[in-house]
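Participant: Dropping the structure in here first, questions after.
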Amino acid sequence: MKFGVFLPNGSNGYIPSKGSPVYLPTYAHNKAITLEAERVGLDFVLSMMKFKGFGGETGYWDACLESFTLMAALAADTKRIGLFPSVTLLSAHPPVVARMISTIDDISEGRCGLNIVTGWNKPEYTQMGLWRGDEYYDRRYDYAREYLTILKDLWRTGETSFKGEFFS
Ligand SMILES: Cc1cc2nc3c(=O)[nH]c(=O)nc-3n(C[C@H](O)[C@H](O)[C@H](O)COP(=O)(O)O)c2cc1C
């Protein structure tokens, strides 16, 4: 079993409450947590991808460090710990993600993984004009399967001629 830390890369970390300090996410904070995780021997850190917070009095998650660029910086600042950026499939085209992961993998000398989430949050994707309709929600794992096939083709061979229902 592997243990890691879900980094607080969104504002107020994981506490949507006025009862604790309200703070913006910073690289310095996430780096300090990651270095401590590495020091005590944990296996990985993971950051989320978020484009809309909950607002309100605390502005929970209104600010968020971008997941891939955060991990690229951490790759340069660490030596051993695994690094998992998150992609929400509706917000990023697969060849771009394939290349970002390859780049972070090079910077980190093989320590990069990928956390895939399908993009389930309607308000978040509607605000970007990326929500594909409620029927997408039922087919999100079919979409994910095609997306993952393209990623694997590109990582294995550098090319893909995949033709599916969602991608060509
Ligand atoms: C380890 C982990 C990482 C996650 N990262 C994100 C993320 O970066 N962005 C996001 O919107 N949701 C994230 N989620 C939330 C999932 O997308 C959420 O659990 C969702 O309801 C699961 O969707 P599914 O029903 O399509 O599996 C994460 C969940 C887990 C367990």
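Participant: Out of the stretch 1-11, which residues are closer than 20 Å to Ala37 by Cβ and within 21 Å of the chain's Cα centre (by Cα)? Outline the logic, then answer.
Facilitator: Taking the stretch 1-11 first, the residues closer than 20 Å to Ala37 by Cβ are 1-10.
Once the filter is applied, which keeps residues that are closer than 20 Å to Ala37 by Cβ and within 21 Å of the chain's Cα centre (by Cα), the stretch 1-11 yields Lys2, Phe3, Gly4, Val5, Phe6, Leu7, Pro8, Asn9, Gly10.
Participant: Here is a further query. Hey, does the stretch 16-33 have a residue that's touching a strand residue (DSSP E or B) at 6+ places or on another chain (Cβ under 8 Å) and assigned to a strand (DSSP E or B)?
Facilitator: Scanning the stretch 16-33, I find no residue that is touching a strand residue (DSSP E or B) at 6+ places or on another chain (Cβ under 8 Å) and assigned to a strand (DSSP E or B), so the answer is no.
Participant: Asp142: over 17 Å from Leu7 (Cα atoms), among the charged types (D, E, K, R), touching a strand residue (DSSP E or B) at 6+ places or on another chain (Cβ under 9 Å) and assigned to a helix (DSSP H, G or I), yes or no? Full working, then the answer.
Facilitator: Working: over 17 Å from Leu7 (Cα atoms): yes; among the charged types (D, E, K, R): yes; touching a strand residue (DSSP E or B) at 6+ places or on another chain (Cβ under 9 Å): no; assigned to a helix (DSSP H, G or I): yes.
No.
To keep it simple, each residue is scored yes or no on (1) within 13 Å of the chain's Cα centre (by Cα); (2) within 30 Å of Pro21 (Cα to Cα).
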| position | (1), (2) |
| --- | --- |
| Ser67 | yes, yes |
| Leu70 | yes, yes |
| Ile81 | no, yes |
| Val87 | yes, yes |
| Asp106 | no, no |
| Met128 | no, yes |
| Arg132 | no, no |
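Participant: Tyr125: surrounded by 16 or more Cβ atoms within 10 Å (Cβ to Cβ), at pLDDT below 95, out of contact with any Lys or Arg (no Cβ under 9 Å at 6 or more places or on another chain) and part of a helix (DSSP H, G or I), yes or no? Write out each step before concluding.
Facilitator: Working: surrounded by 16 or more Cβ atoms within 10 Å (Cβ to Cβ): yes; at pLDDT below 95: yes; out of contact with any Lys or Arg (no Cβ under 9 Å at 6 or more places or on another chain): no; part of a helix (DSSP H, G or I): yes.
Considered against the rule, which asks whether it is surrounded by 16 or more Cβ atoms within 10 Å (Cβ to Cβ), at pLDDT below 95, out of contact with any Lys or Arg (no Cβ under 9 Å at 6 or more places or on another chain) and part of a helix (DSSP H, G or I), Tyr125 comes out as no.
The values are calculated or read from the model by the stated rules, or taken from the named source; none is laboratory data. Since this is a predicted model, take the numbers as computed values, not measurements. Heads up, the Cβs are rebuilt from the backbone with ideal geometry, glycines too, and the neighbour counts pull from every protein chain shown.
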